[in-house]
Amino acid sequence: MKKPILSIAVFLLSFFSLLISLKLFWNLGIYVDEYGTSPSVVSGGEFWHSMDWLRLFSLLLLCIVSFISIFSTNQNKNH
């Protein structure tokens with residue numbers, strides 16, 4: 001009983017973290033467009049801009065893996 005609840009909690013936390021990060025990234029794009037600068041300047045350099053992309057990608061992977069684990073846990077329970 002605890003394992004599916006834990007898997008669902010991890011999925012929800014990762015999903016909400018992804019949504020927050022996407023909104024912050026969207027706001028970064030709006031700021032860059034309005035003030036005529038670049039995302040690298042706002043992020044603090046090319047390295048940190050790459051880390052922003054890596055954060056979004058890793059949160060997306062975490063959401064996918066945690067979503068899959070919810071259903072694989074339920075399938076193992078049935079067998």
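Using a 1.4 angstrom probe and counting only protein chains, how large is the accessible area of Leu62 in Å², to 10?
Using a 1.4 Å probe on the heavy atoms, I get roughly 80 Å².
Given labels modelled 7 Å from the Cα in the Cβ direction, how far is it in nm from Ser58 to Leu12?
Label-label distance for Ser58 and Leu12, simple model: 2.4 nm.
So, taking all protein chains as they sit and a 1.4 Å probe, how much accessible area belongs to Glu34, in Å² rounded to tens?
Glu34 exposes around 130 Å² with every protein chain in place.
About its Cα centre, how strong a charge dipole does the chain have in debye, to the nearest 20, once Lys and Arg get +1 and Asp and Glu get -1 at the Cβ?
On the way: 5 positive and 4 negative charges, 135 e Å.
With Lys and Arg at +1 and Asp and Glu at -1, about 640 debye.
Average the reciprocal distances over every distinct pair of alpha-carbons in the chain, invert the result, and give the Kirkwood radius in Å. Display every interim value, and only then the final one.
Values: mean 1/r = 0.0698 Å⁻¹.
By the Kirkwood definition, the hydrodynamic radius is 14.3 Å.
What does the extension gain come out to for Phe25 and Ser38, with contour length at 0.36 nm per residue minus their alpha carbon separation?
Values: separation 13, 0.36 × 13 = 4.68 nm, distance 1.27 nm.
Here the answer is 3.4 nm.
When only Cα pairs under 8 Å and 6 or more residues apart are kept, what is the percent relative contact order across the chain? Walk me through the numbers on the way to the answer.
Working: 40 pairs, mean separation 40.1, N = 79.
It comes to 51 percent, rounded to a whole number.
The values are calculated or read from the model by the stated rules, or taken from the named source; none is laboratory data. Keep in mind that this is a model prediction, so the values were computed, not measured. Don't worry about glycine lacking a Cβ; one is built from the backbone with ideal geometry, like all the others, and counts go over all protein chains shown. Ligands, DNA and RNA are excluded from the accessible area calculation, which covers all protein heavy atoms including side chains. Shrake-Rupley method; radii C 1.70, N 1.55, O 1.52, S 1.80 Å.
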